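One structure is given here, and the rest of the page talks about it.
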Amino acid sequence: SCTKSDDKGRPEEQKNGIILGFSQIGAESAWRKCNTRSIKAAAAESGVQLLFSNAEQKQNNQIKAIRSFIAYQVDVIAFVPIVADGWDNVLREARDAGIPVLITDRKINTDDESLYAGFIGTDSEQEGREAGKFLLKKFENSGAEPSNPVRIIEISGTEGSSPAKGRAAGFREIISEHPEYKIIYSESGDFLRSKGNEIMRWILDSKYKDFDVVFSHNDGMTLGILEVMKERGMNPGKDIVIITVDAEQAAIDALGRGEVNCVIECNPKFGPAIMSLAKKLAQGQKIPRLMHVHEEVFTEDDDVSAIPPRGY
Ligand code: GZL
């Protein structure tokens, strides 16, 4: 026999806990996998029934997942927008269905503030600024001139994603006042280790092969970059300054080995915060429009042994 149902036509036993529909972008990096673990563990611990969808890096799959959450009449929808544009229509459908939306980790571009209740995640522009600030300090007495600049390679994240745009913008905000720093080549590695490796392999055989710094938008790509540099007998962290973002354990270990010089934390562990915000939204409460999670910067001057295990 079918169970009694509540006013939304859902089985009785689901009446108390809220139902959260979550669209995750995929499993492209150790950071992403940790973010997913944090969300699933927090849902279990807080009695939130989680409908979890993995979009396998495709925005269309996210849009389909959000539509299925609307059809299921979840209490709240949360998602990581893989890219910043193209969300207005589906978020309008969620709003018109009376389902509040929480945006997490990455940001969207929209003119319509009514399309989501709030954002919680990382401050990509600040991460980029931290990379620039480290670089200025590292080379302050190097004697670099505009005619003999510090030559920078940038390996950026997923095209059109807010972390790639934010890290690039924050980095340029800091170095643009210093013409003795020059980005000689920039290409997107899509946050993938394999693409970071492939791009660096190409660069080392190209006219850009002489450079002083690599600014890589995530540790996954950095690991691919280190691999090919070491294959070529190079000394990353010594001959070439390496700056990377995420602070996964493998990057902290590389910092300890002197193979990278600066690791900027991007914190994936905000599952608990997502759950408490979802509960507030389900009760019709307001939440802050913008919440940035706490992030550190680790450099070659730190005592790496004092850095607690990263868990990703
Ligand atoms: C940043 C996050 C990025 C990470 C990458 O907030 O969206 O996506 O830096 C991940 O490792 O793939």
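The values are calculated or read from the model by the stated rules, or taken from the named source; none is laboratory data. On a predicted model such as this, the values are computed, not experimentally measured, just so you know. Methodologically, a virtual Cβ is constructed for each residue, glycine included, from the backbone with ideal geometry; neighbour enumeration extends over all protein chains shown. When the accessible area is computed, the model is the full protein with side chains, heavy atoms only, and any ligands, DNA or RNA have been set aside. Shrake-Rupley method; radii C 1.70, N 1.55, O 1.52, S 1.80 Å.
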Summing -39500 (n - 2.57) over the DSSP H runs of n ≥ 4 in the chain and dividing by its residue number, what mean residue ellipticity at 222 nm do you reach, to the nearest 500 deg cm²/dmol? -11500 deg cm²/dmol
Gaussian network model of the chain, Cα springs within a sub-10 Å range: biggest mean-square fluctuation belongs to which of GLY17, GLY170, GLY132? GLY17
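Compute the whole-percent fraction of alpha carbon pairs in region 137-179 spaced more than 11 Å apart. Before the final figure, lay out each step's value.
Details: 653 of 903 pairs.
The share of Cα pairs beyond 11 Å in region 137-179 comes to 72 percent.
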With DSSP loop assignment and no more than 13 other C-beta atoms within 10 Å, the trypsin sites (Lys or Arg not before Pro) in region 33-139 are LYS58
Could you work out what % of the accessible surface of the chain is carbon and sulfur, using a 1.4 angstrom probe and leaving DNA, RNA and ligands out of the count? 49 percent
Comparing GLY21, GLY98, GLY157 in a Gaussian network model of the chain (Cα, 10 Å), the one with the largest mean-square fluctuation is GLY98
Sparse-neighbourhood loop hits (trypsin sites (Lys or Arg not before Pro), region 222-312; DSSP loop; Cβ within 10 Å at most 15 others) -> ARG232, LYS238, ARG257, LYS286, ARG289
GNM on the chain, Cα springs under 10 Å; top mean-square fluctuation among GLU159, GLU113, GLU300 goes to GLU113
Taking only protein heavy atoms and a 1.4 Å probe, what accessible area per residue, in Å², does region 193-234 have with all protein chains in place? 42 Å²
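Given just the C-alpha atoms of the chain, how large is their convex hull per residue in cubic angstrom?
Working: hull volume 43.5 nm³, N = 312.
In the chain, the Cα hull volume divided by residue count equals 139 Å³.
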Specify the angular offset, from 0 to 90 degrees and rounded to the nearest 10, of the alpha carbon long axis of helix 30-45 from the longest principal axis of the alpha carbons in the chain. 30 degrees
Mind checking the alpha-carbon convex hull of region 19-141 and giving the volume per residue in Å³? 122 Å³
Among LYS138/LYS165; LYS138/LYS209; LYS137/LYS195; LYS133/LYS209; LYS207/LYS238; LYS165/LYS280, the pairs whose Cα-Cα distance exceeds 27 Å are LYS137/LYS195; LYS165/LYS280
So for the chain: antiparallel DSSP bridges make up what percent, rounded to the nearest 5? 10 percent
